[in-house]
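Okay, so here's the structure we're looking at.
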Amino acid sequence: MINLIPFFIIILFSACTNDPNVVQEFVANKELPAEETENAEILITTDGKLRVKIYSESIKRFENTEPELILNGNVRITFYDNSKAPTSMLNSNYVEVYEKENIMIARDDVVLISNESDKLETEKLVLNEQKEKVYTNEKVIITTKNEVIKGVGFESNLDFSDYKLSKITGVIDLSFNSD
């Protein structure tokens, strides 16, 4: 019986060569993150006061490209007021952060909850810190204590306490009288 193992090993190793030009081209065409971390928490402060707490299963930071940060998997963002009290919370599966423009774009099962327990659900939400606005042109569902409002297009202040809808497509009244 002939032992074929050495023959296959020789063929395997002789077939495994890397052309440095092909490898360089592959790496050059991919935007690789400068930093990557898992299950991380980021704290953002202003004048020593906590303003935002971010948790994500995966955070990738890029240099010389936009977005600068990509957060992926169970992203939870809590916003705080000057007295360190939470004002709203955002949950999403994917977030892009454009640091130069102070814009964050949340996508994929986005839920924004105010500290009054009003809840917004959408597939895309833009947070513009400079304009202190949160907005989307996508379909939204807002659930309050008394009603469920469906619409297309939404704009609010950052803490989701004052909002407007562009195109309301339906309202369900949740309050009822038992007279």
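The values are calculated or read from the model by the stated rules, or taken from the named source; none is laboratory data. Predicted model, so just to flag it, every value in this text is computed and none were measured. For neighbour counting, all protein chains shown are included, and Cβ atoms are generated from backbone atoms with ideal geometry for every residue, glycine included. Ligands, DNA and RNA are excluded from the accessible area calculation, which covers all protein heavy atoms including side chains. Shrake-Rupley method; radii C 1.70, N 1.55, O 1.52, S 1.80 Å.
Annotations for the structure displayed:
- Within segment 125-162, tally of residues that are modelled with pLDDT of 90 or more, of a type in the set (Asp, Glu) and open to solvent by 70 Å² or more (accessible area, probe 1.4 Å): 1
- Flag for Leu165 being touching a Leu at 6+ places or on another chain (Cβ under 7 Å) and either closer than 28 Å to Ala40 by Cα or buried (at least 16 other Cβ atoms within 10 Å of the Cβ) (or both): no
- Residue check, Glu96 of a type in the set (D, E, K, R) and either at pLDDT 85 or above or within 20 Å of the chain's Cα centre (by Cα) (or both): yes
- If the condition is being buried (at least 17 other Cβ atoms within 10 Å of the Cβ) and not small (Gly, Ala, Ser), then segment 97-106 contributes Val97, Ile103, Met104, Ile105.
- Pick from segment 67-83, criterion more than 12 Å from the chain's Cα centre (by Cα) and surrounded by 13 or more Cβ atoms within 10 Å (Cβ to Cβ), ranking: farthest from Phe160 (Cα to Cα): Glu68
- Enumerated strands (runs of 3 or more DSSP E) restricted to segment 85-154, each holding at least 3 residues that are of a type in the set (Phe, Trp, Tyr): none
- Taking segment 42-54 as the range and being farther than 19 Å from Asn128 by Cα and surrounded by 11 or more Cβ atoms within 10 Å (Cβ to Cβ) as the test, only Lys49 passes.
- Evaluation of Thr122 against (1) β-branched (Val, Ile, Thr); (2) touching a Lys or Arg at 6+ places or on another chain (Cβ under 7 Å); (3) open to solvent by less than 50 Å² (accessible area, probe 1.4 Å); (4) more than 24 Å from Ser166 (Cα to Cα) (one fails), failing number: (4)
- Test for Asn64: is it open to solvent by 70 Å² or more (accessible area, probe 1.4 Å), part of a strand (DSSP E or B), polar (S, T, N, Q) and over 24 Å from Thr144 (Cβ atoms): no
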